[in-house]
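Structure below; questions to follow.
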Amino acid sequence: MNGKMPSLDLVEFVERQILPLYQGFDRAHSTRHAQNVIRGSLLLASRLGADLNMAYVIAAYHDLGLSGPRAKHHITGARILQNDQRLRRWFSEEQLRIMAQAVEDHRASASRAPRSLYGRIVAEADRDLSPASVIERTVTYGLDHYPQLSRQEQWERFCEHLEQKYSSHGYIRLWIPGSENEENLQQLRSLLEQPEKLKLAFDEAYGRLTR
């Protein structure tokens, strides 16, 4: 590894064998989402001096558990990573244990901090908290998973989700101080306190995504 990028043969394996699996998931967990988490994980890993190969694979595998029940996708994903014999070409058993643990710890609703630096990295990279991204992702999820809801019902679901997850008393936690997400979360919380602006943002995203 050159210190700036993961091993080329590992990247080739992931791009050919792993990333295409995301094409079977909903739009909020697409290949594009996986690529964004990979990009964020590598930036954080470089900044924090972590192993880039490990951070890269953790990010690539982090949502593969969506092939099973969503409620335990973090557990399923950890199992998928740890049981993938192909990864033993690049990693020791101890590395794979840490990586699987990081996948299990990445979930936003987790009540405790991730158990390792790698868990904190992927958890942070998984949280694109720019208000525009959160709004689009939340609307997209509602349309994909609750297509029977009316526009008004989608709006109500949207508000309930944002309040439960991102408000000052929401369940999301950030694990790396000074990250870009801290500033984005403050902007999002400010938007939540302005219902009229929030409704305009919802209407724009809903209209664009249902055209």
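The values are calculated or read from the model by the stated rules, or taken from the named source; none is laboratory data. This one's a predicted model, so the numbers in the text were calculated from it and none came from an experiment. Please note: Cβ atoms are built from the backbone with ideal geometry, for glycine as well, and neighbour counts cover all protein chains shown.
Which condition from (1) in a loop (DSSP other than H, G, I, E, B); (2) touching a residue at least 24 places away in the same chain (Cβ under 8 Å) is the one that Arg115 breaks?
Status for Arg115: all satisfied but (2).
Within 19 Å of the chain's Cα centre (by Cα), without any contact (Cβ under 8 Å) to a residue 60 or more places away in the chain and closer than 26 Å to Ala205 by Cβ, is that true of Thr31?
Spelling it out, Thr31 is indeed within 19 Å of the chain's Cα centre (by Cα), without any contact (Cβ under 8 Å) to a residue 60 or more places away in the chain and closer than 26 Å to Ala205 by Cβ.
Right, here's the next one. Going by the conditions given, is Arg157 modelled with pLDDT of 95 or more and within 20 Å of His29 (Cβ to Cβ)?
Yes, satisfied.
For Glu153, indicate whether it is surrounded by 14 or more Cβ atoms within 10 Å (Cβ to Cβ) and free of Cβ contacts under 8 Å to residues at least 60 places away in the same chain.
Spelling it out, it is not the case that Glu153 is surrounded by 14 or more Cβ atoms within 10 Å (Cβ to Cβ) and free of Cβ contacts under 8 Å to residues at least 60 places away in the same chain.
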